[in-house]
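Some notes on the structure that comes next.
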């Protein structure tokens, strides 16, 4: 038995024991956070349409995970960084479902992997409830007083300042609308980057500290584009506080918009 297979057996036995203990005591096991880097696998469940499945194999556990709920899709042939929470929902695609889940596209190349349906059904591509609506939709309902200070978190992929479609852009839209509806006297925009970084599978991943400022500047420009007065927006540097997101590493890569009525 190799050292790797021995470790795998030990990890499996430990996980089984913990699950059994939780069941015997009536205590629900805490949601498991999974972080790994892997080549993406696309399961073509509907002949190339948007309802196909995205999967990834965790090298540490050997388990296959469904990352289809990520706002940014992986790229075939490029390594992906996956951070997610096991949802415990039904397996539709042939992997344990991660939700919430974040996928960052890395620079490393890897083999392209496309696999057939193998009996798995299509997984519909759904828009979030607060998706940015086209102009022909009915006018939105404005927020009403009393207004209180509110914060909005815009999350980013590793090493990126890109605003993901129907994800982080919906957050900036909500923040801009709230600032306008409340006639905010100040809008604080704070950008953060994971400059300390983390080690994963023998590789150290870290961001430039400058990236936090770049993210803040980009978000501020978007707020101005929505009609928030530029003179009411300021950018402040503060120590990084815990994020609201359950994804710890993702929470280090963010912009916090604080609207002060």
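The values are calculated or read from the model by the stated rules, or taken from the named source; none is laboratory data. This one's a predicted model, so the numbers in the text were calculated from it and none came from an experiment. Cβ atoms come from the backbone with ideal geometry, glycine included; neighbour counts cover every protein chain shown.
Residues of region 61-114 being under 19 Å from residue 250 (Cβ atoms) and not in a strand (DSSP E or B), which ones? Matches in region 61-114: 67, 68, 69, 70, 71, 72, 73, 74, 75, 87.
Here is a yes/no grid of residues against (1) at pLDDT 90 or above; (2) farther than 23 Å from residue 106 by Cα; (3) touching a helix residue (DSSP H, G or I) at 6+ places or on another chain (Cβ under 8 Å):
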residue	(1), (2), (3)
192	yes, no, yes
208	yes, no, no
215	yes, no, no
225	yes, yes, no
242	no, yes, yes
246	no, no, no
250	yes, no, no
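Does at least one position in region 191-209 carry a residue that is surrounded by 16 or more Cβ atoms within 10 Å (Cβ to Cβ), farther than 30 Å from residue 58 by Cβ and in contact (Cβ under 8 Å) with a residue 24 or more places away in the chain? The answer is yes, given that some residue of region 191-209 is surrounded by 16 or more Cβ atoms within 10 Å (Cβ to Cβ), farther than 30 Å from residue 58 by Cβ and in contact (Cβ under 8 Å) with a residue 24 or more places away in the chain.
Scanning region 223-253 for residues that are buried (at least 20 other Cβ atoms within 10 Å of the Cβ) and over 18 Å from residue 35 (Cα atoms) yields 223, 228, 233. For region 73-87, residues that are under 11 Å from the mean Cα position of the chain (by Cα) and within 17 Å of residue 110 (Cβ to Cβ) total 3.
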